[in-house]
Ligand SMILES: [Zn+2]
């Protein structure tokens, strides 16, 4: 289907013909039935809790549950409130609206809402820029004066998951466009003085097999997190993977039913974490440790620091805690640092995280000391400032 469309004149192909929205009624292998791959599952969950972490790059060989996990997560995401009839799934509560909804507002119309499933869009590597951003039909504008915009993938993916299998094979320019839209949260298309814009906030999940070529370092850095996925080595776990796969293939609905309670519990936990997130504390000590971690990993820029802090905060929320711990920062560094490290003879082995581990060990000792100091203070009536005064709390996003 995609091959037929490549040479078609713009505007003639409806979006549904060239990307694959996954029908949610289709029976999918449950996320909670995936054996092992804990970092992969956690990285996906944390992006669901907090989409501004910036997505996940999943590196690994074929047949390692990569796409099963991503599809499984989409099913777990709660329904979203959207403006009734909006092609871009605008949120009725957000000030950022598409040009259509802005026009409706200007005309004095109300914006009633409806519920939809969180979108999951599977983008083929043959996608062109036009198909990603959408097209303005200038001929129609000239003919009838009516603005006509043919939505692209960014429209369909708004507030959902945009999945790109083998992202390293996608045209570099298209990847740039995707990452720019993801960073700005808006897609603006301009042609001949006419413009159309719509919100484009989505969690970008890309997979790649490093044996088939690397991604440019500038692009790798734009993914919030990355996970190296390997096949599970333990015999017991491998046997369990096979047993579950066979059971699912034999009778998908019966197998899925077995996991219904676990799926519902995880869905609830993600929703609770989303609500709890703004109340999770990050202290000055966490900011300092994060800066030390990034320096120790010899990574440039603030993107890594922000990714670590947001991930740690989302993890604390998912664990129903009010304060970030060094354990959260350790997990976040493992997910946010390795893909940003420079690879070369002078930089050493990118997977060598000894210096990062040293920072974590020191920070963890400090955390233990602070906790015992606090216990002491609590013991004799906790007067004035307890822990370190540098530990002033910060909340929110
Ligand atoms: Zn809209």
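For region 149-171, the tally of residues that are under 15 Å from the mean Cα position of the chain (by Cα) and either over 20 Å from residue 46 (Cα atoms) or surrounded by fewer than 24 Cβ atoms within 10 Å (Cβ to Cβ) (or both) stands at 5.
I need the full set of residues from region 191-207 which are modelled with pLDDT under 90 and over 20 Å from residue 86 (Cα atoms), in order please. If the condition is that a residue be modelled with pLDDT under 90 and over 20 Å from residue 86 (Cα atoms), then 191, 192, 193, 194 are the ones that fit. Residues in region 284-304 that are surrounded by fewer than 19 Cβ atoms within 10 Å (Cβ to Cβ) and either modelled with pLDDT of 95 or more or more than 21 Å from the chain's Cα centre (by Cα) (or both): 9 in all.
Scanning region 76-86 for residues that are touching a residue at least 60 places away in the same chain (Cβ under 8 Å) and out of contact with any strand residue (DSSP E or B) (no Cβ under 8 Å at 6 or more places or on another chain) yields a total of 2.
The single condition among (1) outside any helix (DSSP H, G or I); (2) away from the ligand (no atom under 16 Å from the Cβ); (3) in contact with a helix residue (DSSP H, G or I) (Cβ under 9 Å, 6 or more places away or on another chain) that residue 173 does not satisfy is (1). Would you call residue 352 modelled with pLDDT under 90 and surrounded by 13 or more Cβ atoms within 10 Å (Cβ to Cβ)? Against the criterion (modelled with pLDDT under 90 and surrounded by 13 or more Cβ atoms within 10 Å (Cβ to Cβ)), residue 352 qualifies. For region 74-170, give me every one of the strands (runs of 3 or more DSSP E) that falls completely inside it and has 1 or more residues that are more than 15 Å from the ligand (Cβ to nearest atom) and touching a helix residue (DSSP H, G or I) at 6+ places or on another chain (Cβ under 7 Å). Once the strands (runs of 3 or more DSSP E) in region 74-170 are filtered for at least 1 residues that are more than 15 Å from the ligand (Cβ to nearest atom) and touching a helix residue (DSSP H, G or I) at 6+ places or on another chain (Cβ under 7 Å), what remains is 120-122, 160-164. Evaluated against (1) farther than 15 Å from residue 34 by Cβ; (2) surrounded by 12 or more Cβ atoms within 10 Å (Cβ to Cβ), residue 233 falls short on exactly one condition, (2).
The values are calculated or read from the model by the stated rules, or taken from the named source; none is laboratory data. Keep in mind that this is a model prediction, so the values were computed, not measured. Note that we place each Cβ from the backbone using ideal geometry, even for glycine, and neighbour counts take in every protein chain shown.
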